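Written below as structure tokens is the structure these notes are about.
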Amino acid sequence: MDAASEAGFHEFVESRSGVLFRTALLLSGGDRGAAEDLLQNALIKAAGRWQRIDEPEAYVRQVLYRQQISRWRLRWRSREQVVAEPPEPGRAAAGGDPVHDAELRIVMARALRRLTVKQRTMLVLRYYEDLPEAEVAAVLGCSVGTVRSTTRRSLDKLRAMSPELASLGLDPPGTPQPVREEQLTEVKP
């Protein structure tokens with residue numbers, strides 16, 4: 001790697017590693033060590049191909065996803081390891097209630113840890129990364145139908161295992177909202 005490429009790589013790592021680490025942390029279920037390993041391996045792979053990469057962040061994210069997929073495929077039947085602490089909370093949303101935001105992050109991290117690695121990966125890609133189903137299918141190497149069914153089952157399991165999400169005023173995506181009385185209108189013949 002020449003000096004200009006090396007400088008570009010260092011600049012990329014300094015500016016984007018925080019955001020990429022948060023993604024790795026979500027993919028790893030809050031396990032900081034596993035998240036650090038995921039990100040470090042992804043950055044090592046990116047450094048080796050740096051001069052040929054057109055979109056470095058997209059490349060590193062793709063490597064993160066694929067590494068996590070490899071991990072859960074290897075440990076397909078093994079029990080998931082639970083971590084003692086939720087991931088570090090980020091900054092409170094501008095204008096939001098910082099206490100509510102912190103509580104929400106803790107409850108959501110706890111709820112996500114209850115899912116399998118595959119289910120958590122699907123939800124992170126679909127709702128945190130906001131990728132369409134077709135892109136998630138391409139990243140994970142599966143069909144769109146598999147993405148849909150796994151996402152649906154993951155959300156159902158999240159709702160069933162984490163009723164505390166509803167108490168915070170947050171329903172996972174796709175939850176039907178209750179009909180309020182004032183929304184009902186009589187149809188007159």
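Below is a table of values for the structure above.
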| item | result |
| --- | --- |
| Packing-based order for 25-35, 42-52, using average beta carbon neighbours within 10 Å, highest first | 25-35, 42-52 |
| Accessible-area ranking of ARG113, ARG22, largest first, probe 1.4 Å | ARG22, ARG113 |
| Estimated FRET transfer efficiency (ARG114, HIS10; beta-carbon r; R0 35 Å; 0.05) | 0.35 |
| Neighbourhood charge, 10 Å Cβ-Cβ cut-off, centred on LEU20 and excluding it, Lys, Arg +1 and Asp, Glu -1 | +2 |
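The values are calculated or read from the model by the stated rules, or taken from the named source; none is laboratory data. Given the structure is predicted, the values throughout are model-derived calculations rather than measurements. As a convention, Cβ positions derive from the backbone with ideal geometry for all residues, glycine included, and neighbour counts pool all protein chains shown. Each accessible area value is taken on the protein alone, full model and side chains, heavy atoms only, with ligands, DNA and RNA left out. Shrake-Rupley method; radii C 1.70, N 1.55, O 1.52, S 1.80 Å.
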